[in-house]
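Here the structure comes first, spelled out in structure tokens, and everything after it is commentary.
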Amino acid sequence: MNLRRRLQALLRHEPVGTDGSARIAARRIYILPTPTGLWYGGAVFFMLLGSLNYQNNLGLLFAFFLAATGLVAMHHCWFNLLGLAIGARPGPAVFAGSPAQFEVTLRNERAGPRFDLRLVGGLDPVAPVFLGAREQLVVVLGVPTRRRGLLPLPEVQVETRHPMHLFRAWCFAQTEASCLVYPYPAPAAPPPAPDPGRGRRPALRGGEGSDEYLGPRAYRYGDSPRHVDWKALARERGLIVKQFGGDEGLDVWIDWARVAAPGLEDRISLLTRQVLDAARSNLRFGMRLPGVQIGLDRGQAHRERCLRTLALFDQGLAGHEEDRRPMNLAMNHGQAQA
């Protein structure tokens, strides 16, 4: 943990309330002058010093006016965050390497507007937003992903420099949002094994008349160009051939024991590719992992169940269910910003 994170951990974070939102209290707001504010303060100081030295009443009046303006700006900057309600919930599951998205809701519960609210810490800079009286706005915050599993968003940082950009006020709001990250799929994987429980396996007949897709395999010399997966080649997954069999469907098993890989993550990556290929081919497939077995089925729900199991495998979170409940927000929704 670097020094910045250590210092940040010492700061006060607004906890989540019973409705899933954190309301910023007065003692949770931090404020410091910006570089512009430092220049402003220095100019006021030297103006005051010169006016006292030369006993210039007009200079004194102007210096005190600028000092009062700065104090009022500091108060408004702090007040711009006071009472702001902040909540977050996860976006859809993504594959490792792709940015996870969290929907951060900013809600203004008072009669006056709020200006220049910025979310800090996302993958891409988020434009400052304006909140009218008793309005709320959903802002999408992108977070990088590096590995499979649950990616928590422990806190959201919001800052403002309104008005005049002389001061920067910021606060931290805790969240309970976690986004599911699927394993990174391998570029190519061996075809899954057919179901040994079927009494007869259809004879493979590559070429004309074949209508049942059995899965992908690496290209061999003499394969028909018609069976080459050109989309996979365009995605830099190598030269892959689509295998077709007889007229009867074939159930397959995606089996941990039948995939050879040097490491745990490599094996999970290959199994993920097999799940995606089998689902794309609309095959009925099951999955076997150490201590886990998912029966034969097909469809989008079955695909997501298998990917979720692979994402949480060996992490003790197999029973985790993604929280997609709507937040308790009773006001009008604003527009989402990416």
- Members of segment 99-111 found to be open to solvent by less than 60 Å² (accessible area, probe 1.4 Å) and either at pLDDT below 90 or of a type outside the set (Gly, Ala, Ser) (or both), listed by number: PHE102, GLU103, VAL104, THR105, LEU106, ARG107, ASN108, ARG110
- Can you tell me which of LEU32, LEU48, LEU38 is assigned to a strand (DSSP E or B) and closer than 22 Å to THR69 by Cβ? LEU32
- Query: From the set of residues in segment 120-157 that are over 17 Å from the mean Cα position of the chain (by Cα) and surrounded by 20 or more Cβ atoms within 10 Å (Cβ to Cβ), which is nearest to ALA100 (Cα to Cα)?
  - Reply: LEU137
- Do we find a residue being modelled with pLDDT of 85 or more and either crowded, with 16+ Cβ neighbours inside 10 Å or aromatic (Phe, Trp, Tyr) (or both) anywhere in segment 318-330? no
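Residue-by-condition table, conditions (1) under 21 Å from HIS165 (Cα atoms); (2) of a type in the set (Phe, Trp, Tyr):
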| residue | (1), (2) |
| --- | --- |
| ARG12 | no, no |
| ASP19 | no, no |
| ALA22 | no, no |
| ILE31 | yes, no |
| PHE46 | yes, yes |
| ASN56 | no, no |
| ALA63 | yes, no |
- Item | Any chance VAL126 is β-branched (Val, Ile, Thr), farther than 30 Å from ILE268 by Cα and not in a strand (DSSP E or B) | yes
- Task: Tell me, please, whether a residue that is in a strand (DSSP E or B), of a type outside the set (D, E, K, R) and surrounded by 16 or more Cβ atoms within 10 Å (Cβ to Cβ) can be found in segment 74-85.
- Result: yes
- Message: Only one of LEU66, LEU49, LEU61 is in contact with a helix residue (DSSP H, G or I) (Cβ under 7 Å, 6 or more places away or on another chain) and open to solvent by 30 Å² or more (accessible area, probe 1.4 Å). Can you tell me which?
- Response: LEU66
- Query: Which number in (1) in contact with a strand residue (DSSP E or B) (Cβ under 6 Å, 6 or more places away or on another chain); (2) on the phi > 0 side of the Ramachandran plot marks the one condition that LEU283 misses?
  - Reply: (2)
- Item | Residue check for ARG114: among the basic types (Lys, Arg), touching a residue at least 12 places away in the same chain (Cβ under 8 Å) and open to solvent by 60 Å² or more (accessible area, probe 1.4 Å) | no
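The values are calculated or read from the model by the stated rules, or taken from the named source; none is laboratory data. Everything numeric here is computed off the predicted structure, so don't read it as measured data. Counting neighbours? That spans all protein chains shown, and the Cβs are built from the backbone with ideal geometry, glycine included. These accessible areas exclude ligands, DNA and RNA; they are computed on the full protein's heavy atoms, side chains included. Shrake-Rupley method; radii C 1.70, N 1.55, O 1.52, S 1.80 Å.
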